[in-house]
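Presented below is the structure to which this report refers.
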Amino acid sequence: MQDTSPATSRTAVVVRRSATGSRRTGTKTVLFVVLVVALIAAILVSAGTGQLGIPPQEILGSLLRKIGIDWLPGPSHANGDQTLWSIRFPRVAMAVLVGASLAVAGLIMQAIFGNPLAEPGVIGISSGAAVGAGLAIVFGLTIFGEWTTAIFAFGAGLAATLIVYAMSRAEGKTEVVTLVLTGIAVNAIAGAAIALLTFLSDTQSREQIVFWQLGSLANSRWSQVMIVAPALAIGLCAAYFVARKLDLLALGERNARHLGVNVEVLRITMIFVVALLTGAAVAFAGIIAFVGLVIPHLMRMILGPAHLPLVTASALGGALLLTLADLGSRTIVPMADLPIGMLTALVGGPFFFWLLRRTRKRSGGWG
């Protein structure tokens with residue numbers, strides 16, 4: 001006879017939960033290892049690719065020598081070290097930082113809006129930040145020194161985020177259609193503002209504004225890295241700190257409030273964090289869309305809804321995606337530097353269509 005006693009049933013449930021937990025832990029470990037290894041490999045390949053080819057062991061040798069370790073040979077070419085430290089390492093570092101910033105910003109937006117379609121580029125945050133950066137460029141503003149462009153981008157991105165938040169709320173929840181339509185409106189207004197700034201600017205400023213619209217890491221410098229890195233550090237710390245609250249918010253606003261979460265304070269605080277991450281990234285890299293849409297959603301499909309591991313996975317995935325996109329922008333067309341925003345849009349556009357259709361089916365239509 002089959003034993004169906006309560007004790008046996010409880011034991012079976014415990015065994016199943018333990019097996020599920022073990023599988024999730026194993027999946028998480030494998031994913032993190034794969035992302036870290038792939039990111040290191042992408043960094044070495046990207047840093048070594050160009051008119052002056054540098055092997056990975058020489059790149060590692062150059063890095064180790066900076067910290068006093070002489071285990072591997074440095075670049076054999078006379079200009080190898082200068083090429084790495086003046087041009088390629090700053091560009092690779094910016095790709096890692098900007099990719100991680102946009103991915104984490106997208107993850108946070110999806111959590112606070114409760115919507116998988118939320119992303120800085122899709123709903124106009126990146127465009128708003130670009131307008132702020134354009135104002136600083138065209139009018140030659142230097143109020144905050146080297147931080148001026150980033151601060152103006154942050155302010156404009158924050159304003160766009162608050163507009164989207166206010167317009168997409170109805171009866172205590174964020175509507176999918178309103179979110180997308182608000183994004184279209186914000187992008188249209190920002191596009192008109194950028195066109196006006198282009199009309200008013202001189203030749204040099206006009207070229208810089210075109211750069212914002214296309215997205216590029218070609219002019220990356222260590223001074224820019226030193227600005228984006230603290231912004232990403234603040235964003236990551238904030239995301240880790242509120243990860244548990246974001247998990248509770250995913251259960252619904254009412255349930256989150258019953259469990260002690262101040263939903264509005266959490267949202268407003270995270271909106272500032274999103275504006276900081278997006279503004280710092282856009283200020284120096286231009287508009288790079290869909291990184292914050294694709295990466296968090298893929299990581300969530302693999303890891304599940306818990307936000308603590310999602311923050312780390314999204315940061316690593318965003319850094320990997322943009323490093324590979326930047327490598328592609330420099331190598332797809334010989335002797336040319338393609339706009340990196342174009343490449344991410346080619347990947348993210350079809351993914352957005354699929355996600356939009358999937359969300360509509362789950363909602364039973366928009367009506």
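Any residue at all in region 355-367 that is closer than 19 Å to LEU179 by Cβ and modelled with pLDDT of 90 or more? Spell out how you get there, then give the answer.
Taking region 355-367 as the starting set, the residues that turn out to be closer than 19 Å to LEU179 by Cβ are 355-367.
Those left that are additionally modelled with pLDDT of 90 or more: none.
No, the conditions are met nowhere in region 355-367.
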Original post:
Is there any pair with a first residue in region 168-179 that is modelled with pLDDT of 75 or more and a second that is in a strand (DSSP E or B) and of a type in the set (Ser, Thr, Tyr) whose Cβ atoms are under 8 Å apart and which are 6 or more apart or on different chains, and what are they?
Top reply: SER168/THR174
**OP:** Taking only region 328-349 into account, find how many residues are of a type in the set (A, V, I, L, M), assigned to a loop (DSSP other than H, G, I, E, B) and either surrounded by 13 or more Cβ atoms within 10 Å (Cβ to Cβ) or in contact with a strand residue (DSSP E or B) (Cβ under 8 Å, 6 or more places away or on another chain) (or both).
**Re:** 1
**OP:** Out of PHE284, PHE353, report the one residue that is without any contact (Cβ under 8 Å) to a residue 24 or more places away in the chain, aromatic (Phe, Trp, Tyr) and within 27 Å of VAL210 (Cα to Cα).
**Re:** PHE353
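Would you be able to say whether some residue in region 73-88 is in contact (Cβ under 8 Å) with a residue 60 or more places away in the chain, in a loop (DSSP other than H, G, I, E, B) and surrounded by fewer than 21 Cβ atoms within 10 Å (Cβ to Cβ)? Give the derivation first.
Kept after step one, since they are in contact (Cβ under 8 Å) with a residue 60 or more places away in the chain, are these residues of region 73-88: none.
Scanning region 73-88, I find no residue that is in contact (Cβ under 8 Å) with a residue 60 or more places away in the chain, in a loop (DSSP other than H, G, I, E, B) and surrounded by fewer than 21 Cβ atoms within 10 Å (Cβ to Cβ), so the answer is no.
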**OP:** Would you confirm whether any residue within region 264-283 is in contact with a Leu (Cβ under 9 Å, 6 or more places away or on another chain), over 22 Å from ALA129 (Cα atoms) and not hydrophobic (A, V, I, L, M, F, W, C)?
**Re:** no
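Taking region 237-255, which residues are small (Gly, Ala, Ser), part of a helix (DSSP H, G or I) and either within 30 Å of GLU146 (Cα to Cα) or modelled with pLDDT under 95 (or both)?
At the first step, the residues of region 237-255 found to be small (Gly, Ala, Ser) are 238-239, 243, 250, 252.
Filter again for part of a helix (DSSP H, G or I), leaving 238-239, 243.
Result: ALA238, ALA239.
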**OP:** Kindly indicate whether any position in region 94-116 is of a type outside the set (Val, Ile, Thr) and on the phi > 0 side of the Ramachandran plot.
**Re:** yes
Original post:
Does region 156-166 contain at least one residue that is more than 23 Å from the chain's Cα centre (by Cα), of a type outside the set (D, E, K, R), assigned to a helix (DSSP H, G or I) and buried (at least 20 other Cβ atoms within 10 Å of the Cβ)?
Top reply: no
**OP:** Check off (1) on the phi < 0 side of the Ramachandran plot; (2) surrounded by 24 or more Cβ atoms within 10 Å (Cβ to Cβ) for GLY124 and give me the number that stays unchecked.
**Re:** (1)
Original post:
Given the conditions (1) modelled with pLDDT under 90; (2) over 12 Å from the mean Cα position of the chain (by Cα), and given that HIS258 satisfies all but one, which numbered condition is not satisfied?
Top reply: (1)
Subject >> Breaking point among (1) buried (at least 21 other Cβ atoms within 10 Å of the Cβ); (2) more than 15 Å from the chain's Cα centre (by Cα), for GLY304 >> reply: (1)
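Okay, residues lined up against (1) under 30 Å from the mean Cα position of the chain (by Cα); (2) at pLDDT below 85:
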site: THR8; (1), (2): no, yes
site: SER22; (1), (2): yes, yes
site: LEU44; (1), (2): yes, no
site: GLN57; (1), (2): yes, no
site: LEU63; (1), (2): yes, no
site: LYS66; (1), (2): yes, yes
site: ALA100; (1), (2): yes, no
Original post:
Before we move on, is LEU259 surrounded by fewer than 16 Cβ atoms within 10 Å (Cβ to Cβ), more than 29 Å from LEU321 (Cα to Cα) and touching a residue at least 60 places away in the same chain (Cβ under 8 Å)?
Top reply: no
**OP:** Specify the residue that is surrounded by the most Cβ atoms within 10 Å (Cβ to Cβ); the eligible residues are those in region 127-150 that are assigned to a helix (DSSP H, G or I) and either of a type in the set (Lys, Arg) or free of Cβ contacts under 8 Å to residues at least 24 places away in the same chain (or both).
**Re:** ALA136
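Restricted to region 199-236, and to residues that are in a helix (DSSP H, G or I), hydroxyl-bearing (Ser, Thr, Tyr) and touching a residue at least 40 places away in the same chain (Cβ under 8 Å), which residue is surrounded by the fewest Cβ atoms within 10 Å (Cβ to Cβ)? Let's see the steps before the verdict.
Taking region 199-236 and keeping what is in a helix (DSSP H, G or I), we get 199-200, 203-214, 222-236.
Next cut, hydroxyl-bearing (Ser, Thr, Tyr) only: 203, 205, 223.
Restricting the remaining residues to those that are touching a residue at least 40 places away in the same chain (Cβ under 8 Å) gives 205, 223.
Values: SER205: 17, SER223: 10.
Top of the filtered list is SER223.
The values are calculated or read from the model by the stated rules, or taken from the named source; none is laboratory data. All figures in this text were calculated on a predicted structure; none of them were measured in a lab. Note that each Cβ is placed from the backbone with ideal geometry, even for glycine, and that neighbours are counted across all protein chains shown.
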